[in-house]
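Participant: The structure under discussion is supplied below as structure tokens; questions concerning it will follow.
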Amino acid sequence: MTSRLWAGLICMTLLAFSGPLTVTQTTNGPTLATALGGGGGLTITSTAILNGGDNQFGTYTGFDSLPVTIGDGVVMSSGWVTQATAANHDTGDLPSTNTGHPGTAEFDAYGPGHITNFSASYDVAALQVNFNLSSASQVGFDFVFGSIEYPVYTNNYTDSFLAFLDGTGAANQIVFDAAGNAVQVGSSFATELTTADTNTAFSDPHGLMKLHTFTMAPLAAGDHTLIFEVGDVNDHILDSAAFITNLHAGPGSGGTGGDVPEPASLTLIGIGLAGFAAIRWNKRRSK
């Protein structure tokens, strides 16, 4: 049998055994900690919801339909996490829910100068993860960030995914795209976008990106804190979500791409995902 035929059979087998993305809403601390990962020198000691409603947090399984895959983990949304699955593709403007929750002080402080046309954050889901390192080590995690704001509102409503390590100042924000920008609709999607995802609602015409980020300099042994935040920017609607997994000690993730240093000695590996769709999508937007 030729290698090309073998490759085709393997691909068909993977697709056959791929299950649909399943999201389970939960704010249970031990459940979220288990889904995030840990092990191998990194122990998650606790998690806490800092901002947002219960419907904005959950776990997911089955994000394994090609071309974009990521291991099981935690999902956070600026709307309802249960709307982030492929079941809501082709259902108009979902996910889009005004949760009625505010932004956060650190999101609003970081936004100006880092997030395009930033005015204010809304509906921010913020999850604090406390972890312990048994010895000095780099720390990393994998994530997918998707948004319904793409492709129309890429520079006006630049929803973002942030992560603050051991503090909430601008220098503590550690998530960047391959161009060194904060992860956001618009500039990040311009370099890392795919609209070909088949797992979520964030598919053609909408889009997402997948990255792996890690600290270049080892963190000291002992206790540390990560605060993951995903939020709407400049309005409450047309939501975005972050799928997070593989929180681990050390840089390795299986990702590919170039290292991109950032000013605070942090780097990331970007998984460049091909595809860029330009469409006309006429919609009246209410605020």
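Participant: Can you tell which of 211, 71, 40 lies farthest toward the positive end of the dipole of segment 20-270, using +1 and -1 charges on the Cβ of basic and acidic side chains (Lys, Arg; Asp, Glu)?
Facilitator: Sorting the options by dipole projection puts first 40.
Participant: Note the full-extension length gain between residue 86 and residue 48 as 0.36 nm times their separation in residues minus their Cα-Cα distance, in nm to one decimal.
Facilitator: Values: separation 38, 0.36 × 38 = 13.68 nm, distance 2.80 nm.
Here the answer is 10.9 nm.
Participant: Tell me, how many Å apart are the Cα centres for segment 65-127 and for segment 190-256?
Facilitator: 11 Å
Participant: Moving on. Hey, with R₀ at 51 Å, roughly what FRET efficiency would residue 117 and residue 28 work out to, going by the Cβ-Cβ distance, to 0.05?
Facilitator: Values: r = 37 Å, r/R0 = 0.72.
For R0 = 51 Å, the calculated efficiency reads 0.90.
Participant: Which ³J(HN,Hα) values, rounded to whole Hz and listed in residue order, are derived for segment 133-143 from phi using the Karplus coefficients 6.51, -1.76 and 1.60 in 6.51 cos²θ - 1.76 cosθ + 1.60 with θ = phi - 60°, glycine and proline given as x?
Facilitator: 9, 6, 8, 4, 6, 5, 9, x, 7, 9, 7
Participant: For segment 20-270, compute Rg over Rh where Rg is the Cα radius of gyration and Rh is the Kirkwood radius from the inverse mean 1/r over Cα pairs. Write out the running numbers ahead of the final one.
Facilitator: On the way: Rg = 16.2 Å, Rh = 17.5 Å.
My calculation of the ratio gives 0.93.
Participant: Remind me, relative contact order of segment 33-171 in percent, using alpha carbon pairs under 8 angstrom and six or more residues apart? The partial results should precede the final answer.
Facilitator: Numbers: 190 pairs, mean separation 40.5, N = 139.
So the answer I get is 29 percent.
Participant: On average over all directions, what projected area in square nanometres does segment 74-117 have, based on the convex hull of its Cα atoms?
Facilitator: Numbers: hull surface 18.2 nm².
Seen from a random direction, the Cα hull of segment 74-117 projects 4.6 nm² on average.
Participant: Need one number: nm distance between label points at residue 220 and residue 166, each 7 Å from Cα along Cα→Cβ, rounded to one decimal.
Facilitator: In this crude spin-label approximation the distance works out to 0.7 nm.
Participant: Let me ask another. With each pseudo-label sitting 7 Å past Cα toward Cβ, what's the residue 156-residue 204 distance in nm, one decimal?
Facilitator: 2.6 nm
Participant: Relative contact order of segment 20-270: what whole-number percent is it, with Cα pairs under 8 angstrom and at least 6 residues apart? Show your work: numbers first, answer last.
Facilitator: Details: 751 pairs, mean separation 69.7, N = 251.
For segment 20-270, the relative contact order is 28 percent.
Taken together, the values in this text are just the output of simple stated rules run on the coordinates, not laboratory data. It should be emphasised that the depicted structure is a prediction, and the values quoted were computed from it without experimental measurement. Here the Cβ is made from the backbone with ideal geometry for all residues, glycine too, and neighbour counts use every protein chain on show.
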